[in-house]
1. Name the chymotrypsin sites (Phe, Trp or Tyr not before Pro) in region 54-146 that are in a loop by DSSP and that have at most 14 other C-beta atoms within 10 Å, would you?
2. Which of the cysteines in the chain are isolated, no other cysteine C-beta under 4.7 Å?
3. Once you order the gyration tensor axes a ≥ b ≥ c over the Cα atoms, which shape class does region 114-216 get: rounded for a/c under 1.5, otherwise prolate or oblate by comparing a/b with b/c?
4. Around GLN135, under 12 Å between beta carbons, what's the net of Lys plus Arg minus Asp minus Glu among the other residues?
5. May I ask you to give the percent of accessible area on region 1-106 that is carbon plus sulfur, with a probe radius of 1.4 Å?
6. Show me, for region 8-22, the HN-Hα J-couplings you get by feeding each phi into the Karplus relation (A = 6.51, B = -1.76, C = 1.60, θ = phi - 60°), rounded to Hz, glycine and proline as x.
7. Sum -39500 (n - 2.57) across every DSSP H segment of at least 4 residues in the chain, then divide by the residue count to get the 222 nm mean residue ellipticity, nearest 500.
8. Region 40-127: which GluC sites (Glu not before Pro) are DSSP loop and have at most 11 other beta-carbon atoms within 10 angstrom?
Amino acid sequence: MPRLDLQVPFAEKDEARRLGARWDPRQKVWYVPDGVDPAPLRRWVPLSEQPTIRSASYFLATTVRQCWRCCAQTHVWAIMLPAGHEVLYVEDDPADDHWEVIDEPTLLSYIGDLANPVSVHLGALAPHYRVDYSQTTQSLYWMNHCEYCAAKLGDFDTNNEFGVGFDPASAAQAASIRLREIFEPFAASCGCYTCGVELFEHMSLCSASGLSQGKS
């Protein structure tokens, strides 16, 4: 599996070492060794150079699913973008990279880098949705956690399993998904997105958040 390298300022090296990071003297870089949880070290994970998806606004979606560990019904969250958002298409020649408008709602999965102030608002509105490390994908991304036992609830099961979470099997199940539209710019890099969310029109749109007016 690929090693996760870090960008640690010299002044913070002692703290990184205390949290489990190790120094590679040959490559002169800090890294996360096998068996160490990378989540406490996420502040030093290098960010992507640019976002891969962006929108003038976004939906914070919430529903419930069963936790695989404690079997409780726990709240989960996801990001959906309205029609009219843009996706970056990366070509072999970087000069040919271009943004294309997507005319359907989109569900995001495996969100890595997330621009402020979106990440700040998610911390307040979705307390159990935060960055953590996935052994399955060998990466850090925004994922759900059980509100009762704190188990990691990965995006594959939560977002992409039919009839579970954000992939509803019926109009009635879709109606249990609540959408809160947040009127502020959104930009992120994500590993997967689903254009054309099934039964999106049956989901419940809540009142506007007012975040675009500086409220939280």
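The values are calculated or read from the model by the stated rules, or taken from the named source; none is laboratory data. Computed from a predicted structure; not experimentally measured. Cβ placement follows ideal geometry from the backbone for every residue including glycine, while neighbour counts extend to all protein chains displayed. Calculation scope for accessible area: heavy atoms of the full protein, side chains included, ligands and nucleic acids excluded. Shrake-Rupley method; radii C 1.70, N 1.55, O 1.52, S 1.80 Å.
1. Numbers: sites: TYR58, PHE59, TRP68, TRP77, TYR89, TRP99, TYR110, TYR129, TYR133, TYR141, TRP142; in loops: TRP68.
Loop-located and lightly packed - TRP68.
2. That list is CYS71, CYS190, CYS192, CYS195, CYS206.
3. Working: a/c = 1.57, a/b = 1.03, b/c = 1.52.
Oblate.
4. On the way: positive: LYS152; negative: ASP34, ASP37, ASP132.
That works out to -2.
5. 50
6. Coupling constants for region 8-22: 10, x, 4, 5, 10, 5, 5, 5, 4, 5, 4, 8, x, 5, 10 Hz.
7. On the way: 4 runs with 25 residues, N = 216.
Calculated at 222 nm, the ellipticity per residue is -2500 deg cm²/dmol.
8. Values: sites: GLU49, GLU86, GLU91, GLU100; in loops: GLU49, GLU91.
Loop-located and lightly packed - GLU49, GLU91.
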